[in-house]
1. Inside the range 128-167, can you point out the residues that are within 14 Å of ligand 1 (Cβ to nearest atom), closer than 28 Å to GLU202 by Cα and in contact (Cβ under 8 Å) with a residue 60 or more places away in the chain?
2. Please pick out the residue among SER292, SER353 that is surrounded by fewer than 18 Cβ atoms within 10 Å (Cβ to Cβ), at pLDDT 95 or above, among the polar types (S, T, N, Q) and in contact with a helix residue (DSSP H, G or I) (Cβ under 8 Å, 6 or more places away or on another chain).
3. Residues LEU58, LEU99, LEU81, LEU68: which one is within 17 Å of ALA271 (Cα to Cα), away from ligand 2 (no atom under 16 Å from the Cβ), buried (at least 19 other Cβ atoms within 10 Å of the Cβ) and modelled with pLDDT of 95 or more?
4. Search the range 342-368 for residues being in contact (Cβ under 8 Å) with a residue 60 or more places away in the chain and in a loop (DSSP other than H, G, I, E, B), and hand back the single one that is farthest from ligand 1 (Cβ to nearest atom).
5. Taking into account only those residues within the range 215-224 that are within 16 Å of ligand 2 (Cβ to nearest atom) and not in a strand (DSSP E or B), which is farthest from LEU173 (Cα to Cα)?
6. Here's a check for you: in the range 138-179, which residue that is touching a Pro at 6+ places or on another chain (Cβ under 9 Å) and part of a helix (DSSP H, G or I) is farthest from ligand 2 (Cβ to nearest atom)?
7. Report yes if some residue within the range 104-115 is within 25 Å of LEU217 (Cα to Cα) and either of a type outside the set (Ser, Thr, Tyr) or touching a Ser or Thr at 6+ places or on another chain (Cβ under 7 Å) (or both); otherwise report no.
Amino acid sequence: MNAERETIVRMTRDAVDKVRVADIHTHLFAPAFGPLLLSGIDELLTYHYLVAEALRWLPMPAAAFGRLDKRTRADLVWRTLFLERSPVSEACRGVVTALASLGLDPGPRDLAEYRDFFARRNPEEHVARVFDLAGVEYAVMTNDPFDGPERAVWLAGPKPDPRFRAALRLDALLGAWPSAVFRLQAWGFDVEPGLGGRTMAEVRRFVAEWLDRTGALYAAASLPPTFAFPGPSSRARLLAEAVLPAAEAAGVPFALMIGVERGVNPDLGPAGDGLGRADVAAVQNLCRAFPSNRFLVTMLSRENQHELCVAARKFANLMPFGCWWFLNGPGLVREITALRTDLLGLSYIPQHSDARVLEQILYKWKHARAAVGDVLAEKYADLAAAGWRVTEDDIRRDAAALFAGNFESFVAARPAK
Ligand code: RAT
Ligand code: ZN
């Protein structure tokens, strides 16, 4: 490596390591939501990403594993994935990174010591410390207005916590209308199973109320690989006639998370979901038909990433984000970040953590910073070789945009009518 390249790599690593992060999609909750905020070593070990890996070795059916208490499940995952073989997968390495980030020594492989450490934490101080160590300014939650315990907290009016922002998740509305309709009726909304009468206006009222109650930065839904738009499905109609108009009126983007095949192996619970390649035409059709709406889009299939970048070149109201779930490993993060940078420059959001357990933000962001930083360093070095003078200030400005600013501008923007 020549001296100029070395300097650029060092400056880029430093900028990306220090940049403040807006974690735009997680499954974390503010402490005000009580037990909904998961934390600690047993939660880390029973993360569904790890459960899927452990069940490839364990001599027991998934359903039997699921019936065990949490501590026993954590013991089994620890023994199977960390003691009987090396924890080389991304989700396993993540536990090691998280422990080390907290000052624990992963060397002795002493689960009892880790349990003891977490048992002694002061919860409030611990949340602050983890956010600080991860360099995360705030995490966006996934807020489901159809979830009983979560709904109860919102209705009671939790004290706002600037570290945890809301996102209104509408899977239950868009993906399961036959059951959603009865819940909405019970809550006083005049809706009909066949979508007739006042249904669309009432769903708009429901979405508007919840966007307001939660202060959501965006509304969102995960969608199957077969997602099509336009179309006669209740999902497509509710989106077009109720949800997108409500999001537009509130001035918030809608996040499409496309490509998840739920329940491929239902015995595995959340570990049993798979993926499929989707049709990017649905995204293009939405961006074209709703120019006053903004769409954050992530797709689960590796095969969709190139088409999504090309679509984003056509529509400024489309913001690709994250390397979602099965894409979140260093190999694919590097590949997808390079692809996005080649086609979109700096107009994308490279990653979100999808953390379900507080301490996961320690590893997910450490690993993401490293992978994204490697790609950016290479791009700056190539640019310098082409004759451009790359400065440290430029790199810091760009990193700030990628890790927070692009999201914040997209959320704040009001498209011209
Ligand atoms: O990444 C995950 O943990 C998945 O189980 C899903 O929650 C996914 O991220 C989603 O938001 O649907
Ligand atoms: Zn998620």
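The values are calculated or read from the model by the stated rules, or taken from the named source; none is laboratory data. All values derive from a computational prediction rather than experimental measurement. Cβ atoms come from the backbone with ideal geometry, glycine included; neighbour counts cover every protein chain shown.
1. Those that are within 14 Å of ligand 1 (Cβ to nearest atom), closer than 28 Å to GLU202 by Cα and in contact (Cβ under 8 Å) with a residue 60 or more places away in the chain: VAL140, MET141, THR142, ASN143, ALA167.
2. Result of the check over SER292, SER353: SER292.
3. Within the list LEU58, LEU99, LEU81, LEU68, the selection yields LEU81.
4. Result: LEU346.
5. Among them, the one singled out is LEU217.
6. PRO178
7. no
Yes or no, residue by residue, for (1) of a type outside the set (Gly, Ala, Ser); (2) at positive phi; (3) within 16 Å of ligand 1 (Cβ to nearest atom); (4) surrounded by fewer than 20 Cβ atoms within 10 Å (Cβ to Cβ):
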{"site": "ASP171", "(1), (2), (3), (4)": "yes, no, yes, yes"}
{"site": "GLY175", "(1), (2), (3), (4)": "no, no, yes, yes"}
{"site": "GLN185", "(1), (2), (3), (4)": "yes, no, no, yes"}
{"site": "PRO193", "(1), (2), (3), (4)": "yes, no, no, yes"}
{"site": "ALA221", "(1), (2), (3), (4)": "no, no, yes, no"}
{"site": "PRO230", "(1), (2), (3), (4)": "yes, no, no, yes"}
{"site": "ALA240", "(1), (2), (3), (4)": "no, no, no, yes"}
